[in-house]
Structure formats: C-alpha cells, structure tokens
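The values are calculated or read from the model by the stated rules, or taken from the named source; none is laboratory data. All values reported here derive from a predicted model rather than from experimental measurement. Methodologically, a virtual Cβ is constructed for each residue, glycine included, from the backbone with ideal geometry; neighbour enumeration extends over all protein chains shown. Each accessible area value is taken on the protein alone, full model and side chains, heavy atoms only, with ligands, DNA and RNA left out. Shrake-Rupley method; radii C 1.70, N 1.55, O 1.52, S 1.80 Å.
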Amino acid sequence: RQAVKDIVNFVQSREAKTHFDLDDDAAAADHVRWITFGGSYPGMLSAWSRLLHPDVIHGSVSNSSPVQAKLDFQEYHERVGYDLAYEFIGGSVECRRIVLEGHAQAVEILDAVDGIEGDGQGSDDNDGLDTLATLFNVCGGADSLRASRRNREVFVGDGLIGIPAQSNDPSCEEDLCNIKGVCEAIIKEQMSEPSQSSMEILAKISNMQSGGCINVDYQQYIDYFGTSTVENSNDRSWLYQTCNEFGFYQTCNVNSECPYGKGYHDVSRDLEECQMWYGISPEDVAKNVRSSLEYYGGWDLTPANTSLSKQKEILGQSRILFVTGDVDPWTELAVTGKKGNKEHPTFSVKGASHHFWTHEIEDADGIEIDTARSVIYNTVFEWLWSTNDYETHESSVA
C-alpha cells in the first residue's frame, strides 16, 4: 500500500515538476497526464495507482498483474499443466501425459514410506526410494528422502523437472529453455527407448537440467531464508509480502490438475514458513490476504473502503488496460474480460508468457508480441489526447 502512495508522492513532487520545467506553472503542472506502466507486481501497482488516485494518475497499463490476491493459488501449477499440451508453443497431449504419469509413479513410491521416516538409515530398496533417489541423483541419496516428509515434498511437490511456463521464450536457443524444448526432449526419450517408464524419462530430463545432484534438504532451505543476506534479500522481501499481503502460494493439491506430485505441496508448508521466517501466524496470513482483497477490490476493482468521492470512484474505474499472456500462470488471477471487472479494456497475447511483450524488442518477436505493443501504444495515445475524463472502452481490444 505504501508503494502506491510512493508513486503518487513522486508524481506530485518537486523533482517531477522540475523534470517538465513546471516549477512556476501550477496550471500547466495540473495538465500533465501521467500514465503508469508495469508488469507483474509493478503492473498491480500501476492499476491500483489509477484506481485509488484518478485525480493524479491519468491512465494505467497493467501487464500480467494478479490483482486477485489468493492464499492457495493451486491454479498456477494447473496452468503449467495446460501449457504442456498447448501445441501453439510446442506442447502436446503426450508430453503432458508423460509428465503427469511420471510424477504419479514417483508419488506412489513416496506414499509408501510416509509414517516410517526418522533415522534415514534404510539399507534395502523394498520401498523403492533407493532406485528413485539414484534415478534423479538426489543429494544424500535415499536417506535424504527418508529423513522427513518435508524433504519429500521439496523433491516432488513443485516438479521433478523444470517447466518454464512463466518464463517461456519461444525464440531461446539453449537446450530445454522453453516448453517446446522440454516436450521435444521428453518425446525423443520416449521414442528412443519405449520400454522405459514415464518416471525414468523425467529422470533423464532432470539430470540434463540440473548439472549436479538435487538438494531436497528442507531445513537448509529454511535456514537460508531465515536471515537476510545480500544474496537472498530480494527473494526474502517478496516472500515477506506474500505473508503480509497477497498469499499466492503455488500449491499442488490432491484433487487439483497440478502436473506434479499431487498432495506434496499444500498451503500448510507456506504458512509454516511465514511463521518461522517472519513470526506471522497462519491465521494472520489468511487475514492479511482478505484485507488486501477488501482494500483493492480484487479483480472486480471495487475497494471496500475508500475516501474517494463517488465522482472520483467512477473516474478510477476508467482508463486501465489489462494485458495478459495465455501461457502465463499468473493470468489466472488477472483481469481478462472473462474473469473480474468486465468494463475495462483487456488484451490477451496468444503464446505469450509473463509480460513478455514488455521485454526489450527482439527481431525474433512474433506478430502476437508486436500486436500487443501496438494495442498498448494506440490505447495510451487515445487517452493522452482525449478530452473526456470519463470515457470508457470496449471490454476487449481487437
């Protein structure tokens, strides 16, 4: 909330007026039209700045912005699963099937050892953990998986392999750098040795991606983020925000469409981390998420308590453009025209990941990315030249 106020304070600051040579011309300063622009969290701030301060911010372009705070964000991984079958970006139904089946096979082995953890001294492979740990090159071998339930969750709950849905770049050239590359490698492995299991295929992909052993030590992870350092400061500050404002915990629940180890990442783990790292209780985390929804209004953009006059409240509901990518998992919590407020202009970018169109322009950018940039340019151009403070647009931009 302070970040939105900081934006407003900057716009009204002497430094901003000096930049436009408006120090001695209050009337002219009042006519400078500010457009906020951002992607992801800055995209959220962009939209909220216009929503809550329409007398200061003239319009907003909000890219890939999950304005609907949510505690248990299981839809994130569900979208990753859908992306695996998205042919436009190189996915396939068979690729998705192998990923789901491979994780289910690993979960079957892990489920068998729940309740017998503790000493980490297993000497035989009756439970299958030695084979599993060897396949995936787990640091410390099967003993690391036997040591605790949390270690097993780290291993399988967020994926045995990396699937770059949020960062998917169709033009990248490195091996396995996008969904197309991952799926092509999976299908190639399947065809080269049809008798191997889906889990064995995923193990080969994992070994190609990792370049070393897989660390599943949950306590080491807890210790790393337990104290702020130069290396972890950015991530640690964002983790604090999730506990204090938004949630956004990317779970893999039993009855979800998550492509990973179902039941091996529920929200209790994230809530435990908020308690250990910041002393914020599970009850307070849930309360904080509800408070954010009420304060900003979620994807309906209807703040529960606002000091705005009715006139300014209506004004704040205009001139916010929401742009999303149909590959991006964060789109599940964004305003899209199908979900949330339907009065604002929206544009969906086919085949695009997390605010990919806001990145530096590249020759390899496809027509979908170029079109998104044109939509943004034309919309902002109209806003800047409009004389109607209360103009509205069609709910989607063609």
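Miscellaneous remarks
- Selection status of C213, modelled with pLDDT of 95 or more and either open to solvent by 40 Å² or more (accessible area, probe 1.4 Å) or under 24 Å from A104 (Cα atoms) (or both): yes
- Leading residue by the ranking (farthest from A334 (Cα to Cα)) among those in segment 354-384 that are of a type in the set (D, E, K, R) and without any contact (Cβ under 8 Å) to a residue 40 or more places away in the chain: D363
- Of all residues making up segment 149-169, the number that are open to solvent by 30 Å² or more (accessible area, probe 1.4 Å) and either touching an Asp or Glu at 6+ places or on another chain (Cβ under 9 Å) or of a type in the set (D, E, K, R) (or both): 6
- Close Cβ contacts (under 9 Å, 6 or more residues apart or on different chains) running from residues in segment 228-256 that are farther than 21 Å from P282 by Cβ to residues that are open to solvent by 50 Å² or more (accessible area, probe 1.4 Å) and small (G, A, S) comprise S228/S237.
- Which numbered condition K180 fails, given (1) within 21 Å of the chain's Cα centre (by Cα); (2) closer than 20 Å to E101 by Cβ; (3) not β-branched (V, I, T): (2)
- Being open to solvent by less than 40 Å² (accessible area, probe 1.4 Å) and over 24 Å from T358 (Cβ atoms) is a property that holds for S198.
- Of everything listed in (1) at pLDDT 95 or above; (2) open to solvent by 10 Å² or more (accessible area, probe 1.4 Å); (3) farther than 20 Å from T379 by Cβ, the single unmet condition for D55 is (1).
- Note on segment 227-302: enclosed helices (runs of 4 or more DSSP H) holding 1 or more residues that are of a type outside the set (F, W, Y), within 14 Å of D72 (Cβ to Cβ) and open to solvent by 70 Å² or more (accessible area, probe 1.4 Å) are 282-296.
Quick grid of which residues meet (1) touching a Pro at 6+ places or on another chain (Cβ under 8 Å); (2) under 16 Å from E75 (Cα atoms); (3) open to solvent by 10 Å² or more (accessible area, probe 1.4 Å); (4) assigned to a loop (DSSP other than H, G, I, E, B):
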site: Q311; (1), (2), (3), (4): no, no, yes, no
site: L315; (1), (2), (3), (4): yes, no, yes, no
site: L321; (1), (2), (3), (4): yes, no, no, no
site: V327; (1), (2), (3), (4): no, yes, no, yes
site: V335; (1), (2), (3), (4): no, yes, no, yes
site: F347; (1), (2), (3), (4): no, no, yes, no
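- Segment 260-316, subset small (G, A, S) and free of Cβ contacts under 8 Å to residues at least 60 places away in the same chain, residue farthest from S198 (Cα to Cα): S309
- Verdict on A185 being in contact with a Pro (Cβ under 7 Å, 6 or more places away or on another chain), modelled with pLDDT of 95 or more and either assigned to a loop (DSSP other than H, G, I, E, B) or within 29 Å of E362 (Cβ to Cβ) (or both): no
- Filter pass, E343 being over 24 Å from the mean Cα position of the chain (by Cα), open to solvent by 30 Å² or more (accessible area, probe 1.4 Å) and within 27 Å of G298 (Cα to Cα): yes
- Pair list, Cβ under 6 Å, 6 or more apart: segment 82-96 residue open to solvent by 60 Å² or more (accessible area, probe 1.4 Å), other residue part of a loop (DSSP other than H, G, I, E, B): F88/G351; V93/A85
- First in segment 102-115 and under 17 Å from S144 (Cβ atoms) and among the acidic types (D, E), second anywhere and open to solvent by 10 Å² or more (accessible area, probe 1.4 Å) and modelled with pLDDT of 95 or more, Cβ under 7 Å, 6 or more apart: D114/R149
- Near pairs, Cβ below 8 angstrom, 6+ apart or cross-chain, from segment 4-18 (part of a helix (DSSP H, G or I)) to any residue that is open to solvent by less than 100 Å² (accessible area, probe 1.4 Å) and aromatic (F, W, Y): V4/W48; V11/W34
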